[in-house]
Amino acid sequence: MSTSSSSSDNGDSDAGGSGGVFEAPSPSRPRRGANDVWPEPFLESLAVQVAVNASSSSGLLAAAPALANVFRVCTTWQAVSRSDHLWQLLSRQVWARTHLMHDTWRDEFIYRHRTARNFRTRTHTYFTLQFDPSDVDEPDSLSCRCLTLSDLYLAAGFADGTVRLFLLNNRLHVRTLRPPLRDRFGRFSRAVSGIVISDSRLTFATMDGDIHVAEIDGVGHTRTAYAGDIVNDGALVDFTGCGRWWVGLFAGVPGRAFHIWDCNSEETTFVGGSLTDPEAVMGWHTLTELTTSLGRLRISGNETAVACTRWRIMVIDLRNQGVIIGEDEEQRRGLIVTGFDANDEAYVRMDSRGNASVRRVNTQQTVCEFRVSGAAQRRVMGCVNRLHALMCAGGIMRVWEVERGEYLYSIRERVGEVDAIVADDRHVAVASSSSTAQSIIHLWDFGAL
C-alpha cells in the first residue's frame, strides 16, 4: 500500500470554518439587520441557494467556503448550520447524495467535500486486490472484462462468466458468483458484459444475452432472470442499469441495438435501434475472439442512457422508450469507444487522434476540451466521475477535471495494459493484464483521511 499527495489545494475551507468575507446586501435595498429574527426555513433556503450558485459558477469545491461565509454573518445565521435537515438538502443539491453513509448529514457533506479535494490534490491510498484462483480451470477465467463500483462493493466480471465481489472497507474478496450452466456459442459467449449493483442484489449479464441475479447477502443461488436469444439478437456487448431499468447494447442483428427491461418485473419493455448496425458482422466475432470494444453504454441520471460506437453516440429516453434525445456523430476520424464514459450530466468522447471533449447529455453542447497524448499510437481506456476524467494509455493514468478541461496530474502507480476501468467520487479501480494471464485489480481510495 502507498499513499501519495501533492501540495496544491482548491476550496479547502470546510463549511463553518474560516474563509473570505461575506458580501453584504446593497444599501439601496431594504434589508433586515443581521441580528433580526430570520425564519429558519428562509435561512436554510438561502444557504442552499448560495451553495448551489457557488458550485455552478466556480465548481463544487466552492460550495463549502461560500457556506462558511454565510454562517459567519451572525450568531442567528450560524445557528442554522446545526440543522441536519439543511445538510441533507446541501448533500443532495451539491454532491447528489441521497444515502447517508456517516453519522450526520453534516458529516456526509464535509466528507464528500474533502474527498473531492483529495481527488484534486492526488491524495489517495493504493492497493491491489487479491482472490484465490485455485477454483479456476481455464485461462479465460482469470481475465477481467468489466468492473462496477457501489458505495460498499467492487464487482469484477470475468471472461468465463464469473463475478467476484470485493468489500471496499477491507478490500477482501467476499463472494464469487457464477451463472447456471448453459451451452456456449463461442469461447467468449459467457464473458460478463456488465454488472449492476443495487442495495440488496447484484445483476450481471453475459455476452450471450443472459441476465443473472443474486442476493448480495449470499442467501440463495444465482438465478437466470432473462434467457438471451443470441441467434435473433446478436452479442450483448455492454449492459448497465439503474433503479428501474436494465439496458443492453447488442451487435449482430440490424435494428435490435437496444434492449430495455423493467428490472422489477424482469420483463422486456423495448427492443430496437440501429446504432450498432455497422458493427453487425464484428458483433459475431466478439463471441469467439478478442476484438476491440464495439460499444459502450452508460446510464446518465435515472432516465437517460448514452451509448457510443466508433462512428456515433446516441442518447435515448428510458421513460419514453424508443425516443432519441440526441445524436453525436464523428464521421471523419472515428471515436475511441474505450475512451467514452458518462456521469449524471455529461459524457466524454474522444476521436482517434486523442482529441477529447466533455458534452452535455441532454443538448450535446461542449463543456470543455482536452487532448490525450499518445491516443493515436496506444490503446486508451477511460472513465469519468462527477468532477474528473481519467484516461489510461501506455500504462500511465492521467487525470483532467471536466468543468474546464484542466489537466491535473498523472497517477504515480503504473498499471500496464488496461482491460477495464471504473471510477466514482471516492474510488478508482483498474483491471490490467499480467504475464501470468491473471488480471491484476488495482484500487485507489481518495476517501477523506
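Here is a yes/no grid of residues against (1) more than 24 Å from N385 (Cβ to Cβ); (2) without any contact (Cβ under 8 Å) to a residue 40 or more places away in the chain:
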position: L249; (1), (2): no, no
position: V253; (1), (2): yes, yes
position: T269; (1), (2): yes, no
position: P278; (1), (2): yes, yes
position: L287; (1), (2): yes, no
position: N302; (1), (2): no, no
position: E327; (1), (2): yes, yes
position: F340; (1), (2): no, no
position: N343; (1), (2): no, no
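Select, from G382, G395, the only residue that is farther than 22 Å from V315 by Cβ and open to solvent by less than 10 Å² (accessible area, probe 1.4 Å).
Going through G382, G395 in turn, just one is farther than 22 Å from V315 by Cβ and open to solvent by less than 10 Å² (accessible area, probe 1.4 Å): G395.
Collect the residues in the range 345-386 that are hydrophobic (A, V, I, L, M, F, W, C) and within 27 Å of E417 (Cβ to Cβ), keeping them in residue-number order.
V348, M350, A356, V358, F370, V372, A375, A376, V380, M381, C383, V384
Can you pull out every residue in the range 331-362 that is among the acidic types (D, E) and closer than 12 Å to C308 by Cα?
Listed by number, the residues that qualify are D341, D351.
From the list T104, T115, pick out the single residue that is within 15 Å of D445 (Cα to Cα) and among the β-branched types (V, I, T).
On inspection, the qualifying residue turns out to be T115.
Which residues, counting only those in the range 169-194, are under 30 Å from T125 (Cβ atoms) and assigned to a strand (DSSP E or B)?
L172, H173, V174, R175, T176, L177, V192, G194
Would you say G354 is closer than 30 Å to D425 by Cα and of a type in the set (G, A, S)?
Here the answer is yes, as G354 does meet what is asked.
Got a number for residues in the range 400-435 being touching a helix residue (DSSP H, G or I) at 6+ places or on another chain (Cβ under 8 Å) and not acidic (D, E)?
2
Return the total of residues in the range 297-313 being farther than 28 Å from R92 by Cα and open to solvent by 10 Å² or more (accessible area, probe 1.4 Å).
The total comes to 3.
Let's see how each residue does on (1) modelled with pLDDT of 95 or more; (2) of a type outside the set (D, E); (3) buried (at least 21 other Cβ atoms within 10 Å of the Cβ); (4) under 17 Å from I421 (Cα atoms):
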site	(1), (2), (3), (4)
S141	no, yes, no, no
C144	no, yes, yes, yes
T148	yes, yes, yes, yes
Y153	yes, yes, no, yes
A159	no, yes, yes, yes
R178	no, yes, no, no
I195	yes, yes, yes, yes
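Name the residue, out of R92, R32, R97, that is modelled with pLDDT of 55 or more, among the basic types (K, R) and surrounded by fewer than 18 Cβ atoms within 10 Å (Cβ to Cβ).
After applying the criteria, what remains is R92.
The values are calculated or read from the model by the stated rules, or taken from the named source; none is laboratory data. These figures come from a predicted structure and were not determined experimentally. Quick reminder, even Gly has a Cβ in these numbers, built from the backbone with ideal geometry, and neighbours come from all protein chains shown. Remember, those area values only see protein heavy atoms, side chains included, never the ligands or the DNA or RNA. Shrake-Rupley method; radii C 1.70, N 1.55, O 1.52, S 1.80 Å.
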